[in-house]
1. One residue is enough: does segment 169-180 have a residue meeting the conditions within 52 Å of the chain's Cα centre (by Cα) and not assigned by TED's automatic domain parsing to the domain that holds G85?
2. Is at least one residue of segment 364-374 at pLDDT 85 or above, assigned by TED's automatic domain parsing to the domain that holds E55, within 25 Å of T62 (Cβ to Cβ) and among the charged types (D, E, K, R)?
3. Scan segment 276-311 for residues that are assigned to a strand (DSSP E or B), among the small types (G, A, S) and farther than 21 Å from L232 by Cβ and jot them down.
4. For segment 385-398, name all the residues that are in a strand (DSSP E or B) and touching a residue at least 24 places away in the same chain (Cβ under 8 Å).
5. Which residues, taken from segment 64-108, are free of Cβ contacts under 8 Å to residues at least 60 places away in the same chain and either assigned to a strand (DSSP E or B) or within 24 Å of N299 (Cβ to Cβ) (or both)?
6. When you check L40 against the structure, is it modelled with pLDDT under 65, surrounded by 13 or more Cβ atoms within 10 Å (Cβ to Cβ) and over 29 Å from L295 (Cα atoms), yes or no?
7. Among A105, A59, A100, which is the only one that is loosely packed, with under 13 Cβ neighbours inside 10 Å, closer than 30 Å to Q186 by Cβ and under 36 Å from the mean Cα position of the chain (by Cα)?
8. Does segment 67-76 contain at least one residue that is surrounded by 13 or more Cβ atoms within 10 Å (Cβ to Cβ), more than 30 Å from A312 (Cβ to Cβ), modelled with pLDDT of 90 or more and under 45 Å from the mean Cα position of the chain (by Cα)?
Amino acid sequence: MNQDIKQVLGLDKAVSGKFRPYLKSVIAGLLILGLLVGWLWPGKSSNTYHYQTTEVQQADLTVMVTATGVLQPLNQVDVGTEISGTVLQVLVDFNDRVKAGQVLARLDTEQLAARLRQSQAALALARAQVRENAATVLETRTKLRRAVDLQKKQLGTQELVDTAQAAYARATATVERAKAQVTQAQAQLDADRTTLDKTEIRSPINGIVLKRQIEPGQTVAASLQTPILFTLAESLAQMELHVSVDEADVGMVKEGQHAVFKVDAFSQRSFPATISQVRFAPQTIDGVVTYETLLSVNNEDLALRPGMTATAEITVQQLKNVLQVPNTALRFQPPKKQNKKQTNLLSQLFSRRPPSTSRQAIKERETSKQHSVWILRDNQPVKVKVQIGASDGRMTQVTSGKLKPGMQVIVDAAKGGQ
């Protein structure tokens, strides 16, 4: 160690063994204190700033809302079956075009055909029972007439007439019951015939097969819910883009507005679309509230496919030849100059405060129509108050104020040395 430093610190004399272990810690603390004082002590550092400016523009401004979503067919139908059974035939495949009423698949019909024959036999038996009971009615009516005639001739008793009349009434009721059984048997036959007809899965629309979820030999169980066998799209020439619009932007989105969107499959191509519906029902996912919006899409060349993810830009406002400034100019705040009178170490430490421009202050400035920008006069920033309008996220319309096209507004500042 340098002899002079030793003399100043008194280290040239013998140090008692009691304080020798603390010697290095004291020296290190003095060095750190010296560095801290040198860093905080006000010197001749420069307060000169270099300001970056940009020009106030007079141009068109287009305000857009961005949303993402999924392409879907205009009319998509899931085809299922109401009955259970084994798949006997599958007559269509993916991408096949079908017509309404066309058979898509057939189920095994052996059990259902046997049940149909049983119902037919039950109906025939019920009809025969009606004819038999009708004959009984004819017989009892004749006996009743004879009993009445004998009573009139005083050759028969009233009891005989009453017995014949009761037999006739029972025969008539039996005919009515037999007719009801015929109706019941007919209904069962119709139900069994309908069930047998449903073993042929038919297309309800003219369209194209998007999905086929069955194979021959597969068992279909329709116990609690209808299984989906095919998914058909009526036409892929006209599609819909379902996007989720943020609650902050939904007030600007209206039916009839135009939009463009892109998909990953054609990253260099933009597809046009038109807003067809803005739904009122909210969708909340992870605390974010959005509203489903439908866009009509022309897909005559069939380039787009269902399920593609798309990013749409909806044009909500178009302003012609308006005064505008960059958003960075609205957020700019000039740096504060250093106070040279702060020479005390403690005042240096405790005078440091968080930046005055808090997140809440920034939010209030951005939501308020009253803003300020800064221009240079004699290389010093000067505040200019302005009223703002629409913004595209990069540029903002200036509706009133003392700004003119071509003026330079400050967007950033950097401290320079001398």
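The values are calculated or read from the model by the stated rules, or taken from the named source; none is laboratory data. All figures in this text were calculated on a predicted structure; none of them were measured in a lab. Neighbour counts are summed over all protein chains in view; Cβ atoms, including those assigned to glycine, are modelled from backbone coordinates with ideal geometry.
1. Restricting attention to segment 169-180, the residues satisfying the condition of being within 52 Å of the chain's Cα centre (by Cα) are none.
Checked segment 169-180: no residue is within 52 Å of the chain's Cα centre (by Cα) and not assigned by TED's automatic domain parsing to the domain that holds G85.
2. Start the filter on segment 364-374 by keeping residues that are at pLDDT 85 or above, which leaves 371-374.
Add one more test, that the residue is assigned by TED's automatic domain parsing to the domain that holds E55, and what stays is 371-374.
If we keep only those that are within 25 Å of T62 (Cβ to Cβ) as well, we get 371, 373.
Subset that is among the charged types (D, E, K, R): none.
Checked against the condition, which is being at pLDDT 85 or above, assigned by TED's automatic domain parsing to the domain that holds E55, within 25 Å of T62 (Cβ to Cβ) and among the charged types (D, E, K, R), segment 364-374 yields no hits at all.
3. First, pick out the residues of segment 276-311 that are assigned to a strand (DSSP E or B): 276-285, 288-298, 309-311.
Narrowing further to those that are among the small types (G, A, S): 276, 281, 296, 310.
Scanning segment 276-311 gives S276, A281, A310.
4. Pass one, segment 385-398, residues in a strand (DSSP E or B): 385-391, 395-398.
Within segment 385-398, V386, I388, G389, A390, S391, M395, T396, Q397, V398 qualify.
5. Here is the first cut: in segment 64-108, the ones free of Cβ contacts under 8 Å to residues at least 60 places away in the same chain are 91.
Matches in segment 64-108: none.
6. Values: modelled with pLDDT under 65: yes; surrounded by 13 or more Cβ atoms within 10 Å (Cβ to Cβ): yes; over 29 Å from L295 (Cα atoms): yes.
Yes, satisfied.
7. Working: A105 fails: loosely packed, with under 13 Cβ neighbours inside 10 Å; A59 fails: closer than 30 Å to Q186 by Cβ.
Sole residue among the options that is loosely packed, with under 13 Cβ neighbours inside 10 Å, closer than 30 Å to Q186 by Cβ and under 36 Å from the mean Cα position of the chain (by Cα): A100.
8. no
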